[in-house]
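Right, one structure below, let's go through it.
All of the numbers you see were taken from the coordinates with simple rules; none came from a lab. As the structure is a prediction and not an experimental result, all values here were calculated from the model. Here the Cβ positions follow ideal geometry from the backbone for every residue, glycine too, while neighbour counts run over all protein chains shown.
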Amino acid sequence: MRIAREGWPYILTPLAAAAAFAAFHWTWTAVGLAALALFSTFFFRDPERSIPQGHGFVLSPADGRIVQVVPSADGPLGSSATQVSIFLSIFDVHVNRAPIGGRIERVDYRAGSFLPAFDHRASLRNEQNCVTLRDGDKRVAFKQIAGLIARRIVFRKRVDDAVAPGERVGMIKFGSRVDVFLPAGTRLVAKLGDRVRGGSSVLGELP
């Protein structure tokens, strides 16, 4: 099983501590630390995905459940865009993927609060990283939003980097939210309540 590289410190550190406590026969402490390492292994899993091949597909950048589909009042693509919000529980894969192929046009990080990620106010108030991608005259954006437990947003790309559809671009640690902004005219495929998978679920089709 592939593990996201950000996860190895969370796996190896408790494993090493568990071995040390086991050597001194602190059995229950060792068991607890080993269980923590096992959970971290599960959390930081990074499975391969089959990327849909289709012109104009906007892929989900994250695993989770769609909790909001609303017009975007003041998002990165303007007021005519549609916002699709995805909630990631601690049991979902937290690796983020590019929703379209193209180039990174903007990356805007903003510090903020840590409201629970299922709270819609998190889209405006929480720590977040907003990424805008351009493919020709088409632009799609997504926000990595930290939640109540998540306190670390990882984004591996830089402005002007080229990305392929569904390519791994980062992750959010321990429960989070991702908002996707679709330009006017996009035909929505996913709907409120759907469970989606990063890189393999189609959210919409660009005009």
First check a/c for the range 56-102, with a ≥ b ≥ c the square roots of the eigenvalues of its C-alpha gyration tensor; if it is under 1.5, answer rounded, and if not, answer prolate when a/b is larger than b/c or oblate otherwise.
oblate
Which value, in debye to the nearest 20, gives the size of the charge dipole of the range 57-205 about its Cα centre, when Lys and Arg are +1 and Asp and Glu are -1 at the Cβ?
300 debye
Could you work out the helix-only [θ] at 222 nm for the chain, with each DSSP H run of four or more residues adding -39,500 (n - 2.57) and the total divided by the number of residues, to the nearest 500 deg cm²/dmol?
-5500 deg cm²/dmol
If R0 = 30 Å, then F42 and S79, at their Cβ-Cβ distance, give a FRET efficiency to the nearest 0.05 of 0.15
What aspartates and glutamates could a cross-link reach from K173, if we take a straight Cα to Cα line under 12 Å and drop same-chain neighbours fewer than 8 places away?
E6, D92
Whole-Hz Karplus couplings 3J(HN,Hα) for the range 187-198, θ = phi - 60° and coefficients 6.51, -1.76, 1.60, Gly and Pro as x, run 8, 6, 10, 7, 9, 3, x, 5, 8, 10, 10, x
V189 versus H25: modelled label distance in nm, points set 7 Å from Cα along the beta carbon direction
6.1 nm
Which of the peptides 178-189, 24-35, 58-69 is most tightly packed, and how do the rest follow, going by the mean number of other Cβ atoms within 10 Å of each residue?
58-69, 178-189, 24-35
Once you put a point 7 Å from the Cα of S50 and another 7 Å from the Cα of A111, both along the Cβ direction, what distance in nm separates them?
4.6 nm
Using alpha carbons only, how many degrees (0 to 90, rounded to 10) separate the axis of helix 27-43 from the longest principal axis of the chain?
20 degrees
The range 8-20 - phi-based ³J(HN,Hα) in whole Hz, Karplus 6.51/-1.76/1.60, Gly and Pro as x:
4, x, 6, 9, 6, 5, x, 5, 5, 5, 4, 5, 5
What is the extension gain from A35 to V159, computed as 0.36 nm multiplied by their sequence separation minus the C-alpha to C-alpha distance, in nm to one decimal?
40.7 nm
Using +1 at the C-beta of Lys and Arg and -1 at the C-beta of Asp and Glu, which of G7, L133, S89 has the Cα lying farthest in the positive direction of the dipole of the chain?
G7
